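Structure first, then comments.
What follows draws every value from the coordinates through simple rules; no lab data is involved. Computed from a predicted model, the values in this text were never measured in an experiment. Counting neighbours? That spans all protein chains shown, and the Cβs are built from the backbone with ideal geometry, glycine included.
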Amino acid sequence: MKAVICEQYGLPESLILKEIPPPMITSKQVLIKVITSAVNFPDSLIIQNKYQFKPTVPFAPGGEVAGIILDLGKEVKHLQIGDRVVALCGWGGFAEQVAVDANRVFKIPSAINWQTAAATLYNYGTSYHALKDRGQLQPGQTILILGAGGGVGLAAVELAKKMGGIVIAAASSQEKLDACQKKGADYTINYSTEDLRECVKKITGEKGVDLVYDPVGGALAETALRSMSWKGRYLVVGFASGTIPSLPFNLALLKGCAIMGVFWGAFTEKEPALSLQNLGELVQMILRGDIQQEIYKIYALKDAPQAIRDLMDRKIIGKAIIQVSEEIDTENIIPTETRTAQKIQTQQLSTIELPVRFLNKAALTGAIGSALGTSNWLMVDQEMINNFANATLDNQWVHVDPEKAASRLPDGKTIAHGYLSMSLVSQFLYQMIHIEGVNSFLNYGINKARFITPLQCGDQIRLHATISQAEIQENGSLKLFIHCNIEIKGKNKPAYVAEIISLIL
Ligand SMILES: NC(=O)c1ccc[n+]([C@@H]2O[C@H](COP(=O)([O-])OP(=O)(O)OC[C@H]3O[C@@H](n4cnc5c(N)ncnc54)[C@H](OP(=O)(O)O)[C@@H]3O)[C@@H](O)[C@H]2O)c1
């Protein structure tokens, strides 16, 4: 595969486009066919060995990608081969394929295009977390955003406006400030030609700003801190200027203000439920057209070094994107030979957008009567039937002896144990439903179960599911009733119908 490689730490000009072997995945990783990669500030640091993460050379930079899953590690349950995803890979993204830990990979709806997909997560995820969770920006509050024409800065301008803030965008060029105005900035300050402190005073009077959003650091930081209101919040986001400021603590005392760190990467790991909720909200904003990443330019893979150079030269407004490869037809994905189960799933890619996401357990009580849709097709093969028979010590010949079945059974095929189709409901449901912060459903019971049509070896089945009841218990757990119907491809009658009951803690 092609990749832009850092063989020796240095400036972007030392990166080279090379043909290298595709990466291997571990049991907890997925292999992604990269369609688009985003260019982010850490890419400029990581190639110089100046970033907090220090991969050993040779490596490909590129920490944020959008693409299609080609292969899954054995322990990965919540993703499927063929899924459209975005991923935060740290590095390795300026390459045609990248291996990423599954917990850094997120499914995206088909309505989001590849450029938007690669360009949004890091910038908007950071800025939304900063404004909502850390700064707690309220409608009518004033916010000064430094580096406002950059990746996280422009995202902050747009989000702060949507949240009802009064936005003062500050940047080094008129072109950047024009972009901020397009995103709704109320006031703009060109800090390369104007006095930041005086301009803020003119806009806010003696009061100052309620929040500062600072991804730049350096000399601007103290001026911004001096421009804050009583009880303001100063959001420390980054140091694009290359200088970590040292500030006089007495300013914080005099203003009764808070200086608070924003570390989105750590937030996604330490508070995954809240982070997923934020991402879900951002996806909804994108789908509604409320937010849209400004794309500065789309570069070819071979021009990735130039894209990093443009970022370092402060030319990029919003985000630069690398078009790594063209979209592929998911039907043509060939998974590795070793994982039979995954091989089956590639034949069963569906166009349905799964899983259906719920923000919390309570959200399901409002979904009673709602269809959860239809799962992907799954082929029941002899290996699966044998494994089930071995696990349950139920080795009846109708299940496990294909030769005898061929001569004695009417259709000449072994049949799956009825309880096998029943047991497959769980894995279908993991595909179909996702409740933020919940990883497992406890089997609690089954109502009105019937095995209607024998399931033969080689049949393909899929699940249709509807929420029939959802009850929050006194201890806060959720009792969920799901009506299940397992369809057999090409047959009129289902294999299995039942109402299953799960307890979700
Ligand atoms: N805390 C977190 O969780 C988090 C998450 C994402 C990013 N970050 C950090 O936030 C900072 C900005 O990231 P970004 O993706 O928005 O980068 P970006 O797109 O390159 O924007 C950075 C902006 O900083 C300004 N700047 C001032 N001096 C600069 C210099 N010497 N070199 C480059 N830019 C300079 C530029 O605006 P003007 O030309 O208008 O001054 C530029 O537009 C980085 O330090 C990054 O590591 C932090």
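What number, rounded to the nearest 500 deg cm²/dmol, is the helix-based mean residue ellipticity at 222 nm of the chain, given -39500 (n - 2.57) per DSSP H run of at least four residues and division by all its residues?
Counting only the DSSP helices, I get -8000 deg cm²/dmol.
Can you list residues whose amide H is under 5 Å from Val262's amide H, if they're 5+ apart or on another chain and H is modeled 1.01 Å from N?
Answer set, sorted by chain and number: Val236.
Fewest to most neighbouring Cβ within 10 Å: what's the order for Trp114, Trp377?
Trp377, Trp114
In whole angstrom, note down how far apart the Cα centers of the stretch 480-496 and the stretch 1-74 are.
The distance from the Cα centre of the stretch 480-496 to that of the stretch 1-74 comes to 44 Å.
Around Lys361, under 15 Å between beta carbons, what's the net of Lys plus Arg minus Asp minus Glu among the other residues?
Net of charged neighbours comes to -1.
Which of Asp210, Asp178 has the fewest other C-beta atoms within 10 Å, and how do the rest follow up to the most?
Sorted ascending by nearby Cβ count, the order is Asp178, Asp210.
Want the number for Lys404 to Glu175: 0.36 nm per residue separation, take away the alpha-carbon distance, what's left?
74.7 nm
I'd like the GluC sites (Glu not before Pro) in the stretch 122-221 restricted to DSSP loop residues with at most 16 other Cβ atoms within 10 Å, sorted by number.
Within the stretch 122-221, the qualifying GluC sites (Glu not before Pro) (loop, at most 16 other Cβ atoms within 10 Å) are Glu194, Glu206.
Starting from the stretch 1-88, pick out the trypsin sites (Lys or Arg not before Pro) whose DSSP state is loop and whose Cβ has at most 12 other Cβ atoms within 10 Å.
Counting only loop positions with at most 12 other Cβ atoms within 10 Å, the trypsin sites (Lys or Arg not before Pro) in the stretch 1-88 are Lys50.
Could I have the simple spin-label model distance between Glu13 and Leu253, label points 7 Å from Cα toward Cβ, reported in nm to one decimal?
Those two pseudo-labels are separated by 5.0 nm.
Starting from the Cα of Lys28, step 7 Å along the direction of its Cβ; do the same at Asn190; then give the gap between the two resulting points in nm.
Placing both labels 7 Å along Cα→Cβ, they lie 5.1 nm apart.
Rank these for me by crowding, Leu409, Leu393, Leu137, going from fewest to most other beta carbons within 10 Å.
Listed from fewest to most nearby Cβ atoms, that is Leu393, Leu409, Leu137.
What angle, in degrees between 0 and 90 and rounded to the nearest 10, separates the Cα long axis of helix 382-392 from the longest principal axis of the Cα atoms of the chain?
80
Pairs of alpha-carbon atoms within less than 8 angstrom and 6+ residues apart define the contacts here; what relative contact order does the stretch 69-132 have, in percent?
Reported as a whole number, the value is 28 percent.
Determine the relative contact order of the stretch 388-455: mean sequence separation of Cα pairs under 8 Å and six or more apart, normalised by residue count, in whole percent.
This gives 27 percent for the stretch 388-455.
Would you give the gap between the C-alpha center of the stretch 357-435 and the C-alpha center of the stretch 78-98, rounded to a whole Å?
29
Taking 8 Å as the Cα distance limit and 6 or more residues as the minimum spacing, I'd like the relative contact order of the chain as a percentage.
For the chain, the relative contact order is 12 percent.
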